[in-house]
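Peer 1: Take this structure, written in structure tokens, and hold onto it; I'll ask about it next.
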Amino acid sequence: MVVSDCVPHQVRSYLDFFAEMRQLNPSYTCVGRTPKTVGAAFEAYVASNMPPAAADGAGGLPAEYDEAFQPNPRGLKGLFELEATIPAGTAVKVPYDGTYELGGEGEPGSRKATVRIAEILSLSRLFYEGEQLCNCLEDSRRSQSKYLSRARARVSSFWSLTRQAAGATKAEHLCLMEVWHMRDENIIRQAEGPHPRTIPTPEAWYWMDKWCKAEGIDLSTWDCYS
């Protein structure tokens, strides 16, 4: 495929993909990678994005009222892992819930999947996330306005955790996280899974914890009653 064969939103998707890969890994290059390998990564990336058709009307928002957010002020990066698995025998303690063992045969995290944590950089994407998780962002104007004010002030940033099982065409939305940018640290106060279970699943908690450790984010401040 050549660029001239692509429609504008496809070109933008390719450019966004390469830009995100370079952000996650400054030495990332397509040199030495086969088209099949790059294509598989790109398809997984697109599957965890908001479909172009969903941008108009997400959360009842007309496209002309969409708003782009500035990236987080601390330079926090996301996560993108292909064929990711959780090591067998991994113990995960989820606050307010219990301790689980993951990664073994038949247990969560044992099957290969594409796991992505991506920063939410538009109002429509924030509303779309609410729709996927069936939370208050889906239809509560009060909650939407509170989240929007914090994003505009850059006092916090919002992140989407998705998982796409091998062979699946659609990513599963596991969690929406809000990182508060305090004076001397970054903390997670809110992290919510799909309703009716709002506490993140053990598998989601594993990937959140891994990401937070890599980015220096304090996860111990999470409170399911926030």
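No lab work stands behind these numbers, since they all come straight from the coordinates. For clarity, every value in this text was computed on a predicted model and none was experimentally measured. Don't worry about glycine lacking a Cβ; one is built from the backbone with ideal geometry, like all the others, and counts go over all protein chains shown.
Peer 1: If I stretch the segment between ASP184 and SER149 completely, what's the gain in nm (0.36 nm per residue apart, minus their alpha carbon distance), one decimal?
Peer 2: 10.5 nm
Peer 1: Then there is this: Among ALA41, GLN10, LEU76, which residue has its Cα furthest toward the positive end of the charge dipole of the chain, with +1 on Lys/Arg Cβ and -1 on Asp/Glu Cβ?
Peer 2: With unit charges placed on the Cβ atoms, the residue in question is LEU76.
Peer 1: So, one more: Which of the pairs LYS77/LYS146; LYS36/LYS213; LYS36/LYS170; LYS112/LYS210; LYS36/LYS112; LYS77/LYS210 have their Cα atoms more than 22 Å apart in this structure?
Peer 2: Where the Cα-Cα span goes over 22 Å, the pairs concerned are LYS77/LYS146; LYS36/LYS213.
Peer 1: Expressed in nm to one decimal, what extension gain is obtained for the pair ASP209 and ARG111 from 0.36 nm per residue of sequence separation less their Cα-Cα distance?
Peer 2: Contour length minus the Cα-Cα distance gives 33.4 nm.
Peer 1: Show me 26-36, 201-211, 145-155 ranked by packing, highest mean number of other Cβ atoms within 10 Å first.
Peer 2: Top to bottom by mean Cβ count within 10 Å: 201-211, 145-155, 26-36.
Peer 1: Also, I was wondering about something else. For the peptides 74-85, 172-183, 113-124, what is the packing order when you average, over each peptide's residues, the other Cβ atoms within 10 Å and list the highest mean first?
Peer 2: 113-124, 172-183, 74-85
Peer 1: A further question follows. As I understand it, the dipole of segment 141-226 uses +1 on the Cβ of Lys and Arg and -1 on the Cβ of Asp and Glu, about the Cα centre. Which of GLN190, ALA165, ILE217 lies farthest toward its positive end?
Peer 2: Checked the options; the winner is GLN190.
Peer 1: Taking θ as phi - 60°, what are the ³J(HN,Hα) couplings along segment 16-24 by the Karplus curve (6.51, -1.76, 1.60), each to the nearest whole Hz, with x for Gly and Pro?
Peer 2: So the Karplus estimates, Gly and Pro as x, are 5, 4, 5, 5, 5, 4, 6, 5, 6 Hz.
Peer 1: Given [x] 12.3; [y] 13.5; [z] 11.7 as candidate values of mean projected area of the Cα convex hull in nm², which corresponds to the one derived from the coordinates?
Peer 2: Working out mean projected area of the Cα convex hull in nm² from the coordinates points to [y].
Peer 1: Another one. Just need the relative contact order of the chain here, percent rounded to a whole number, with Cα pairs under 8 Å and 6+ apart.
Peer 2: Relative contact order here is 17 percent.
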